[in-house]
Amino acid sequence: MPDIKYKLAEAMKRCMKHSTVENITVKQIVEECGVSRQSFYRNFIDKYDLVNWYFDRLLEQSFKEMGKGETIRDGLIKKFQYIKQERLFFTAGFKGDEQNNLKEHDFIMIYEFYCALIREKTGAPPEHRIRKLLEMYCQSSIYMTVQWLMKGMKESEEELADLMIEAMPEALHRLFSTINLV
C-alpha cells in the first residue's frame, strides 16, 4: 500500500506547515488526507512511525547508489540535497526528542547502513573498535546535520559533506579509504 503511505506523508507535510509534529494529531492527518483513522493505523503505529517511514524513503534515495561505486561524500551530498528539498519536513521532524524520534531513527538507519556497507566490502562485520568509532561518528554527523538545517543551511551541501569527511575518526577514514569509499 505505498500509495496511501505517500498520501499520508504528504498530508503530514501539509500539517507541518502550520504546527509542530508534537501538536499534530492522527485525526488532523487523516482529515487532511481524506482517509479513515483505520487506514492510518493499518499502515502506521503512530505519527512518528509515519515520519520515520517517510524519512526511510528519503534516506534510501540519498544512499542507494553509494554501495555501487559512489563515495561517502557523494552520498552525503545527495542526503543534504534531499534534506534541503524536504526542509519543512526535516525541520519539523528533527525538533522532536520524544520516543521514536527522527534523530534516533536517523542514527539507527545510518549506523546500520555503514555496518552493512563495511560487511559487504570487506566480507566481515566491523570489529568492536570500528563499531564504536562509527557510533560516535554517526551521532556527531546527525548533530551537525540538525544544526546545519536549523540554523539556515549556510554551508553548501558540498561544504558540509567535506566537513563531515574531515571530522571522521582516522581509523574509520583509513578503513573507508581501503574499501574505496573516500
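Which count do you get for residues in the stretch 139-155 that are in a helix (DSSP H, G or I), of a type outside the set (Phe, Trp, Tyr) and under 24 Å from Leu88 (Cβ atoms)? Talk me through it step by step, then tell me what you get.
As a first pass, look at the stretch 139-155 and keep what is in a helix (DSSP H, G or I): 139-150.
Checking the rest, the ones that are also of a type outside the set (Phe, Trp, Tyr) come to 139-142, 144-147, 149-150.
Pick out the ones that are also under 24 Å from Leu88 (Cβ atoms) and you get 141-142, 144-147, 149-150.
Total satisfying the criteria: 8.
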Q: Please indicate, with yes or no, whether at least one residue in the stretch 91-102 is modelled with pLDDT under 95, farther than 22 Å from Thr20 by Cβ, outside the structural domain of Tyr6 (by TED's automatic domain parsing) and not hydroxyl-bearing (Ser, Thr, Tyr).
A: no
Q.
I'd like to check something: does the stretch 112-135 contain any residue that is assigned to a helix (DSSP H, G or I) and closer than 30 Å to Ala11 by Cβ?
A. yes
Q) Condition test on Met144, is it on the phi > 0 side of the Ramachandran plot and either touching a Lys or Arg at 6+ places or on another chain (Cβ under 7 Å) or surrounded by 12 or more Cβ atoms within 10 Å (Cβ to Cβ) (or both)? A) no
Q. Can you name the residue in the stretch 166-182 that is of a type outside the set (Asp, Glu) and exposed (fewer than 15 other Cβ atoms within 10 Å of the Cβ) and, of all such residues, is nearest to Cys115 (Cα to Cα)?
A. Ile179
Q: Of the conditions (1) at pLDDT 85 or above; (2) not in a loop (DSSP other than H, G, I, E, B), Val35 clears all except one; give me its number.
A: (2)
Q) Which residues, taken from the stretch 20-43, are over 21 Å from the mean Cα position of the chain (by Cα) and surrounded by fewer than 16 Cβ atoms within 10 Å (Cβ to Cβ)? A) Asn23, Thr25, Lys27, Glu31, Gly34, Ser36, Arg37, Gln38, Tyr41, Arg42
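Per-residue answers, yes or no, for (1) among the acidic types (Asp, Glu); (2) touching a residue at least 40 places away in the same chain (Cβ under 8 Å):
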| residue | (1), (2) |
| --- | --- |
| His105 | no, yes |
| Met109 | no, yes |
| Glu120 | yes, yes |
| Gln139 | no, no |
| Ile142 | no, no |
| Gln147 | no, no |
| Leu163 | no, no |
| Ser177 | no, no |
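The values are calculated or read from the model by the stated rules, or taken from the named source; none is laboratory data. Quick caveat: nothing in here was measured; it's all calculated off a predicted structure. Heads up, the Cβs are rebuilt from the backbone with ideal geometry, glycines too, and the neighbour counts pull from every protein chain shown.
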